[in-house]
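One structure below.
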Amino acid sequence: MAKGEETRQFIIEKAAPIFNTKGIAATSMSDIMEATKLSKGSMYVHFENKEVLACAAVEHNMKMLNERLQRTLSQYTTSKEQLFAYIDFFSDPNHPPVVGGCPLLNFGTEADDTNPVVKEKVNRAIQQSQLLLSGMIEKGISNKEFKADWNSADFATALFAMLEGGHLMARMSGNNDRMQVIGNTLKKIIEENSI
């Protein structure tokens with residue numbers, strides 16, 4: 001990696017948790033300069049403006065979340081185990097796998113009316129998550145783990161929405177009680193559709 005690319009990556013890595021915690025609108029270039037100890041001139045050599053840096057930070061946060069999730073899922077072989085692991089991975093929103101919480105929820109909520117570029121990135125990530133989940137179910141149906149008539153797309157949508165809603169509830173209340181209810185409910189549905 002060339003020196004310029006290393007510096008650019010360094011800025012993204014320092015900026016990503018700040019954007020995910022404070023939000024795009026509330027994060028200033030001064031916040032990033034303080035975290036990186038770089039001058040304003042150095043910042044603008046690598047990013048023409050805050051919006052370009054914010055988009056890179058959004059991508060970085062989602063990539064970090066996905067990599068950590070994939071590492072967790074790779075430890076399991078059956079589809080049922082992987083679905084349970086997916087639920088468990090997101091079961092403690094007050095100690096999230098990415099600093100600041102779920103980037104899909106954080107950036108999606110902020111960008112839905114204000115930032116079409118970030119909105120599209122989040123929308124794509126949501127679609128990829130649902131495809132991952134429905135793929136696990138389809139694989140489980142093929143492997144005779146799950147009932148053949150289980151609608152994988154519908155459950156993937158419900159699972160994703162319930163976890164994101166639980167994430168919001170847990171972050172607002174400061175505890176995971178309702179997230180545990182959601183996780184248990186989802187696991188019960190999986191058990192009911194298991195062979």
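Which of the residues belonging to segment 1-32 are surrounded by fewer than 18 Cβ atoms within 10 Å (Cβ to Cβ) and among the hydrophobic types (A, V, I, L, M, F, W, C)?
Hits for segment 1-32 are 1, 2, 10, 25, 26, 29.
Just to verify a result, which residue in segment 45-79, among those that are buried (at least 21 other Cβ atoms within 10 Å of the Cβ) and under 24 Å from residue 139 (Cβ atoms), is modelled with the highest pLDDT?
Only one residue tops the list, namely 79.
Run residue 174 past the list (1) in contact (Cβ under 8 Å) with a residue 60 or more places away in the chain; (2) in contact with a Ser or Thr (Cβ under 8 Å, 6 or more places away or on another chain); (3) more than 15 Å from residue 61 (Cβ to Cβ) and report the number of the one that doesn't hold.
Residue 174 satisfies every listed condition except (2).
Could we say that residue 146 is in contact with a Gly (Cβ under 6 Å, 6 or more places away or on another chain) and either surrounded by 14 or more Cβ atoms within 10 Å (Cβ to Cβ) or modelled with pLDDT under 95 (or both) here?
Against the criterion (in contact with a Gly (Cβ under 6 Å, 6 or more places away or on another chain) and either surrounded by 14 or more Cβ atoms within 10 Å (Cβ to Cβ) or modelled with pLDDT under 95 (or both)), residue 146 qualifies.
Please enumerate the residues belonging to segment 41-98 that are more than 21 Å from residue 178 (Cβ to Cβ), part of a loop (DSSP other than H, G, I, E, B) and in contact with a Leu (Cβ under 8 Å, 6 or more places away or on another chain).
Scanning segment 41-98 gives a single hit, 47.
Can you run down the residue pairs with Cβ atoms below 6 Å, 6 or more apart or on separate chains, where the first is in segment 144-164 and touching a residue at least 24 places away in the same chain (Cβ under 8 Å) and over 15 Å from residue 188 (Cβ atoms) and the partner is part of a helix (DSSP H, G or I) and among the hydrophobic types (A, V, I, L, M, F, W, C)?
Taking only residues 6 or more apart or on different chains, the pairs are 156/133; 164/105.
This table checks each residue for (1) part of a helix (DSSP H, G or I); (2) out of contact with any strand residue (DSSP E or B) (no Cβ under 6 Å at 6 or more places or on another chain); (3) closer than 18 Å to residue 89 by Cβ; (4) of a type in the set (Lys, Arg).
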{"site": "118", "(1), (2), (3), (4)": "yes, yes, no, no"}
{"site": "124", "(1), (2), (3), (4)": "yes, yes, no, yes"}
{"site": "133", "(1), (2), (3), (4)": "yes, yes, yes, no"}
{"site": "136", "(1), (2), (3), (4)": "yes, yes, yes, no"}
{"site": "150", "(1), (2), (3), (4)": "no, yes, no, no"}
{"site": "160", "(1), (2), (3), (4)": "yes, yes, yes, no"}
{"site": "163", "(1), (2), (3), (4)": "yes, yes, yes, no"}
{"site": "172", "(1), (2), (3), (4)": "yes, yes, no, no"}
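Among the numbered conditions (1) surrounded by 13 or more Cβ atoms within 10 Å (Cβ to Cβ); (2) under 26 Å from residue 62 (Cα atoms), tell me where residue 154 comes up short.
Of (1) surrounded by 13 or more Cβ atoms within 10 Å (Cβ to Cβ); (2) under 26 Å from residue 62 (Cα atoms), only one is false for residue 154: (1).
The values are calculated or read from the model by the stated rules, or taken from the named source; none is laboratory data. Since the model is a prediction, treat every value here as computed from it, not as a measurement. With ideal geometry, Cβ positions are generated from the backbone for all residues, glycine too; neighbour counts draw on all protein chains shown.
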